1. Can you give me the Rg/Rh ratio for the range B:80-229, using Cα atoms for both radii and the Kirkwood formula for Rh?
2. Using all Cα-Cα distances in the range B:10-118, what percent lands in each 10 angstrom bin from 0 up to the longest?
3. Of the options A:111, A:455, A:476, report the single residue whose Cα projects farthest towards the positive end of the charge dipole of the protein assembly as shown (beta-carbon charges: Lys, Arg +1; Asp, Glu -1).
4. Using the alpha carbon gyration tensor of the range A:154-221, what are the three equivalent-ellipsoid semi-axes (square root of 5 times each eigenvalue), largest first, in whole Å?
5. Nearest 5 is fine: what % of DSSP beta bridges in the protein assembly as shown come out antiparallel, could you say?
6. Report the Stokes-Einstein translational diffusion coefficient (µm² s⁻¹, integer) for the range A:1-159, Rh taken as the Kirkwood radius over Cα pairs, at 25 °C with viscosity 0.890 mPa s.
7. Give me, ordered by chain and number, the residues 5 or more places off residue B:153 or on other chains with an amide H under 5 Å from its own placed amide H.
8. Can you sort A:358, A:422 so the residue with the fewest Cβ neighbours within 10 Å comes first?
Amino acid sequence: MASAFEYAPAPESRAIVDIAPSYGLFIDGEFTEAADGRVFKTVSPASEEVLSEIAQAGEADVDRAVLAARKAFEKWSALPGAERAKYLFRIARIVQERSRELAVLETLDNGKPIKETRDADLPLVAAHFFYYAGWADKLDHAGFGANPRPLGVAGQVIPWNFPLLMLAWKIAPALATGNTVVLKPAETTPLSALFFADICRQAGLPKGVVNILPGYGDTGAALVAHPDVNKVAFTGSTAVGKEIAKTVAGSRKKLTLELGGKGANIVFDDAPIDQAVEGIVNGIFFNQGQVCCAGSRLLVQESVQDELLDSLKRRLSTLRLGDPLDKNTDIGAINSEEQLTRITSLVERGESEGAERWSPACELPSAGYWFAPTLFTNVTQAHTVARDEIFGPVLSVLTFRTPDEAVAKANNTPYGLSAGIWTEKGSRILAVANKLRAGVVWSNTFNKFDPASPFGGYKESGFGREGGRHGLEAYLDV
Amino acid sequence: MSTAAPHALADVTASDSTLRRFLHGLPGVDAVGLEARAASLGTRSIKTTAKAYAIDLAISMVDLTTLEGADTPGKVRALGAKAVRPDPTDRTAPATAAVCVYPDMVATAKAAVAGSPVKVASVATAFPAGRAPLAVKLADVREAVAAGADEIDMVIDRGAFLAGDYLKVHDEIVAVKEACGTAARLKVIFETGELSTYDNIRRASWLGMLAGADFIKTSTGKVAVNATPANTLLMLEAVRDFRAQTGVQIGVKPAGGIRTTKDAIKFLVVVNETVGEDWLDNHWFRFGASSLLNDLLMQRQKLATGRYSGPDYVTVD
């Protein structure tokens, strides 16, 4: 929005974070090169600047890491819960102390705005470690019987959209319950996991309890297929999740999958409209829409469609897209060229299928990977943009006439991760929430997270729960 | 009576029941969401040139206020001089929008700002409680206007509002507006801290606008909770929606509790990102404040010179 009140640039300083020119794999408490010496580069998606060169783990490295985790498991699992808790509390505090540094790092490597890493990602990372630290000595009282046992070595593969937060979701419950970990961060965002390795050393965590193996899909495949891994946890796309399910089928490995979504944000005509608009924006443009539980389908009651869309368009024109390190940036960069290509092609498909595309006037930077916030109206259930997960800042607007129709449309997807309900009528919230097949249903808010609240999917959005008491079950032999 | 609104919504005020139905049919306000939005706007980082712009804009929007039992002509003259030239060491500092005083001080204030663009605003209608017969309230207004007030800051009858007697509140505002005539712009104070819920604040905002308010104003500064970024955001949404429906633009004035430059800038960000630059002007947005001005001036000096001067380098009135 052009205005007399132009905000001057307010960049967060990069000086607080010291990124080394190269990083090794983190195995058995030491940084080490890959056995075959392979490396890959990680770039800043906002500028395409190369940030660092990272060792790329191969099968031999997976062997070493799993062996290190197996060796560490014996002592780690035998520690009293209160002792394990001490390490987790220490990690949580170090994350808090280094939160500004980690926020800047994450913004550089991922492309998301500093506002989000500072106010959402990092506080949640620390909260997750604090929360599961609290469980470590109370497992007898978690509802799984006396003295529940850990599984062993957990092989964990995490995505690039919330690199450090997804690491926290995976590592905190695993360690609290006495497992040891081999974790593969995504190839486009390995840095915060490697900084986390340093935090493990700073916290004095015993060697081998946490191992970090940067790499591509083949590294992840080797990890989940490794015969000495007892537990596989994956967050990422449904296609890869299906492959993993096939790999572990017939083995004794316990599996949890947190996959894609096509969340419906349902706005009834008695909704608090101004707050609903904020919730819609937060639901689909938070982290550039690269969120598995994004509210990527807006289901709006026909009687308030025009009013709501006018408000939404006006609000979108105030979004500030640009330098992710600027404290006033609302929309940052798309994480990778590959993802940008995917978003672009799905949006083109939406246009060619006849949906009406709209974006606010918005200048995109010349370098880096960018996509303007985008709305599709005149969308029907048959459109690709209403069915496929786009994983980008693209909202498909559909309408409904009655609550039953809203529920039917919301559930008419192979996914079932999240949904939102906007109405001032409490009884309607309860009635609709009961009928939605989604792991998380938010009412009059969206994308709210808390470590005490379990998170996970129905149908092709995966199975197993992360967070809360339920999140312990995935890492216990129960 | 109910004759104020010559716009698209005129029939809303035809009777008690139409008015009630309209006000209760406004979209609800989710308190958590509203406060979260206001807090998120509060994290905007306003630096360098943007800060300089915001400080000068904020100074030009101040209704420099003294509303004490101990007010004297001397105090009011000092206030007037300060409003006209806030920083005696720097003539580039803009004047404030207005001085705001009790009705018996209007003539004194008028003389003190004579020849300057600074307006004289007077509280009236048995400020701050508003607990007086209508005839007394109207006499209060007429006296202030006769003494030269450019703006009248009235309080609504919160008792009638909370009792659900919306038409009474409406008609009282209409009567006060008539008493203001064409000479004075009318600011309608809701005392949001006493209305207590955001739904009430939205209803009061529409009620005030339907009745002919030129400005809607949060509070008197005399109760525990006064202007907040959230209630001001809500009132800005109301004036935005009212203009969209009627074409009539209404001003907004948060008052009470805004003491620092940081606070004032947060409010300006809320204005900028809710209603945009049409309201970034002291004809449409004001701060009701007394101590705010000195902090704005100190921050202005800091920006200009690179160092903090201290409270002895701005005038104490």
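1. Result for the range B:80-229 is an Rg/Rh of 1.00.
2. Per 10 Å bin, starting at zero, the Cα-Cα P(r) for the range B:10-118 comes out as 12, 25, 18, 26, 17, 1 percent.
3. Final value for the positive-end residue is A:476.
4. Ellipsoid semi-axes (Å, largest first): 18, 13, 11.
5. Approximately 20 percent, going by the DSSP bridge assignments.
6. Calculated translational D: 130 µm²/s.
7. B:122, B:123, B:124, B:187
8. If I rank by nearby Cβ atoms, fewest first, I get A:358, A:422.
Read-outs throughout are calculated quantities, based only on the coordinates presented, and are distinct from any laboratory measurement. From a predicted model like this one, the values you see are computed outputs, not experimental measurements. So basically every Cβ, Gly included, is an ideal-geometry build from the backbone, and we count neighbours across all protein chains shown.
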